[in-house]
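Input: a single structure, listed below in structure tokens.
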Number of protein chains: 2
Amino acid sequence: MENTKKAVEMPDLEILFDLADLFKVFGDSTRLRIMYTISDNEMSVLNIAESLNMEQSTISHQLRVLRQNKLVRVRRDGKQIYYSLDDDHVKKIIEMGLDHVLE
Amino acid sequence: MENTKKAVEMPDLEILFDLADLFKVFGDSTRLRIMYTISDNEMSVLNIAESLNMEQSTISHQLRVLRQNKLVRVRRDGKQIYYSLDDDHVKKIIEMGLDHVLE
DNA sequence: ATGTCATATGAACACATATGCATATGTTCA
DNA sequence: TGAACATATGCATATGTGTTCATATGACAT
């Protein structure tokens, strides 16, 4: 074999759009902070807002984005709604990026 | 141990901004297409543009973004400048995202 | 040096997006 | 039912971003 690199076929355009949309979600520091905040424990919206010292509505807006992209789990308990990271998959994506940034 | 999830410490804000900036780069379908195009072979700017059926300047602008984020390697040969993906690291980030999108 | 080709850059525009304010929705408890 | 609390949503706005056009920069050959 001349070339050791495997040819990676380009996914369909539609999938590429979805992929770009996914990475867009990770491309905002507020959302990253939210993800870190709920990475080990679920948290209510207000708790997240206080923890990050930001407006409740800002957090709520961004949580919606995370929800729509299936990156968080949601659980209602009375008046409060608790959010947590959906899976370790999400953490891995972040860690991969972090590796690149830190090197 | 009650909680099996490891507590992941939140990186400093400055690093989070860098991290968000990195993911922003992946958050555009044109740049993703460019990355796929040069993932197994280096390619000249014009070749990339023709291959994706886009303006040369559009590609050039986006290649600059990729360059600034150290995601591509650059090699000059005469009048042409050849771009290739910087490392397999980049591919892994894309694949991670793809896994999430396709599931 | 001049013309030609390849690439990069600047400006302008259209479009997307993050945030904050005000308010609506939904839940609990009295 | 009504008050109090938690969350979500609509709107307005400021800021960011992708693309195109025109042009500059740089390299090569004659």
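Only residues that are within 14 Å of chain B (Cβ to nearest Cβ) and either closer than 30 Å to B:LYS92 by Cα or under 14 Å from the mean Cα position of the chain (by Cα) (or both): list them for the range A:54-82, please. Hits for the range A:54-82 are A:GLN62, A:VAL65, A:LEU66, A:GLN68, A:ASN69, A:LYS70, A:LEU71, A:VAL72, A:ARG73. Is the range B:86-96 home to any residue that is more than 7 Å from every other protein chain (Cβ to nearest Cβ), in contact (Cβ under 8 Å) with a residue 24 or more places away in the chain, within 16 Å of DNA strand C (Cβ to nearest atom) and surrounded by 14 or more Cβ atoms within 10 Å (Cβ to Cβ)? No, every residue in the range B:86-96 fails to be more than 7 Å from every other protein chain (Cβ to nearest Cβ), in contact (Cβ under 8 Å) with a residue 24 or more places away in the chain, within 16 Å of DNA strand C (Cβ to nearest atom) and surrounded by 14 or more Cβ atoms within 10 Å (Cβ to Cβ). Considering (1) in contact (Cβ under 8 Å) with a residue 12 or more places away in the chain; (2) touching a Ser or Thr at 6+ places or on another chain (Cβ under 9 Å); (3) within 16 Å of DNA strand C (Cβ to nearest atom), the lone condition that A:MET43 does not fulfil carries the number (3). Residue-level check: of (1) within 16 Å of DNA strand C (Cβ to nearest atom); (2) touching a strand residue (DSSP E or B) at 6+ places or on another chain (Cβ under 7 Å); (3) within 30 Å of B:LYS70 (Cα to Cα), A:ASN69 misses just (2).
Among the residues of the range A:54-69, those identified as assigned to a helix (DSSP H, G or I) and crowded, with 19+ Cβ neighbours inside 10 Å are A:ILE59, A:GLN62, A:LEU63, A:LEU66.
If you filter the range A:11-33 down to residues that are charged (D, E, K, R) and either crowded, with 20+ Cβ neighbours inside 10 Å or without any contact (Cβ under 8 Å) to a residue 40 or more places away in the chain (or both), you find that the one that is farthest from DNA strand C (Cβ to nearest atom) is A:ASP12.
Within the range B:14-53, the residues that satisfy the criterion of being more than 8 Å from every other protein chain (Cβ to nearest Cβ), within 13 Å of DNA strand D (Cβ to nearest atom) and outside any helix (DSSP H, G or I) are B:SER44, B:ASN53.
Remark: pairs (first residue in the range A:56-80, of a type in the set (Lys, Arg); second residue assigned to a strand (DSSP E or B) and within 11 Å of DNA strand C (Cβ to nearest atom); Cβ separation under 9 Å; 6+ apart in sequence or on different chains) = A:ARG75/A:ILE81. Among the residues in the range A:70-81, are any part of a helix (DSSP H, G or I) and at pLDDT 95 or above? No - not one qualifying residue is present in the range A:70-81.
The values are calculated or read from the model by the stated rules, or taken from the named source; none is laboratory data. These figures come from a predicted structure and were not determined experimentally. Note: ideal-geometry Cβ built from the backbone for every residue, glycine included; neighbour counts use all protein chains shown.
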